[in-house]
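The structure appears below as structure tokens.
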Amino acid sequence: MRQVTVVEHLLLRQKERPLASGRFTRLLNELILSAKIIGREVSRAGLLDVLGGTGEVNVQGEMVQKLDDFANRVIIRRMERAGVLCAMVSEENADVIEIPRQFPTGDYILIFDPLDGSANIDANVSIGTIFGIYRRSSFNDESVSISEILQKGSNQVAAGYIIYGSSTMLVYTAGSGVHGFTLDPSVGEFLLSHPDIKIPEQGKIYSVNEGYASYWDTATQKIVETFRNSHASHGRSYSLRYIGSLVSDFHRNLIYGGIFMYPADARDPKKTTGKLRLMCEAAPMAFIVEQAGGMAIDGIRRILDIEPTELHQRVPLFIGSKADVETVQKMYSDFA
């Protein structure tokens, strides 16, 4: 049977929307090409001078990895020329990335993490690119205002991630289901391999860094203990599986079912509200998981309902199978 490419899939969906202009297809096509370039470098990382750090520290206070910097530059350079964006926000850049005046613009806003899990690059662990796409509220020739960018996650028109692992895979949603495409290196195309992904209602995996347990509040400690001792508490055994790369942990749980948790902790007074970034990590993943039938909360609130107040705002994240996330939500509510 003939396999469908991601571009063909987009065009088929576009026919269902008579007013579609094709700009979204062009946007995603440029992201796909960026992913192919990044994936090529990732697959040859041990042979090229792209491992290790650059010696610089990003806006998050984290050491910048060479591949992280490469991925960021590739996406920015390709996307600013696409003619469909009015602005971009990257985890690696402190401020909004404006489209240079010499390039045509559009009404889409791209928010992305160029290479999630970069701390694992040297260990050859799966890493990935996360993105969320918004539409500008008013299209004019003026520069995009910060208020137009600080939109809640439910306003996303699309979100996705590209995971660079044993195979390179694109998973995305445009608000009508979640679909996965695997890159076939022999033809250089992403082919539909996982149509209409649905996360199991309840999983058997919990993903969290228990090494930080002493820094959690009592409610969080009890929640994680519930999953650890799950057989005794409600007759269902859970296994701990934690890679330390959001894309990798999320992708596994999306397929098999389970919950990923990155709660707030007291290690760093500046990060007591959580570590993961709302706009470039939590919101895109939340949009994906809800389209797949799951849930994403900060403990109590739905991630997609949170109104951001700054570009690099951080939040706790509990994301995955609906029943598992509901367990967390109920326990936090009981402790409130």
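Values quoted throughout were computed directly from the atomic coordinates according to the rules given, and no laboratory measurement underlies them. Owing to the predicted nature of the structure, the values given are computational and were not obtained by experimental measurement. Here Cβ is always computed from backbone atoms with ideal geometry, including for glycine, and neighbour counts include all displayed protein chains.
Just a few scattered comments:
- Between amide H atoms placed 1.01 Å from N, distances below 5 Å from Arg314 occur with Leu278, all of them 5 or more places distant or on a separate chain.
- Only one residue of Ile223, Ile199, Val187 has its Cα farthest out toward the positive end of the dipole of segment 175-238, where Lys and Arg carry +1 and Asp and Glu -1 on Cβ, and that residue is Ile223.
- Close amide H pairs (under 5 Å, H built 1.01 Å from N) link Thr168 with Leu183, residues at least 5 positions away or on another chain.
- Expressed to the nearest 5 percent, the antiparallel share of DSSP beta bridges inside segment 205-335 is 70 percent.
- Computed 3J(HN,Hα) for segment 72-89, one whole-Hz value per residue from the Karplus formula 6.51 cos²θ - 1.76 cosθ + 1.60 where θ = phi - 60°, is 4, 5, 4, 5, 4, 5, 6, 6, 5, 9, 6, x, 10, 9, 10, 5, 9, 9, glycine and proline marked x.
- q = 0.07, 0.13, 0.14, 0.16 Å⁻¹, the chain: log10 I(q)/I(0) [Debye, one scatterer per Cα]: -0.27, -0.99, -1.15, -1.49
- Percent RCO, i.e. relative contact order, over the chain, from Cα pairs under 8 Å lying at least 6 residues apart: 15 percent
- Residue-averaged 222 nm ellipticity for the chain, from DSSP H runs of 4+ at -39500 (n - 2.57), nearest 500: -9000 deg cm²/dmol
- DSSP bridge pairs, the chain: antiparallel proportion in percent, nearest 5: 85 percent
- Positive-pole candidate from Ile146, Leu115, Gln102, dipole of segment 102-159, charges at beta carbon: Ile146
- Compared with the rule-of-thumb size 2.2 N^0.38 Å for a compact globular protein, segment 205-335 has a Cα radius of gyration ratio of 0.97.
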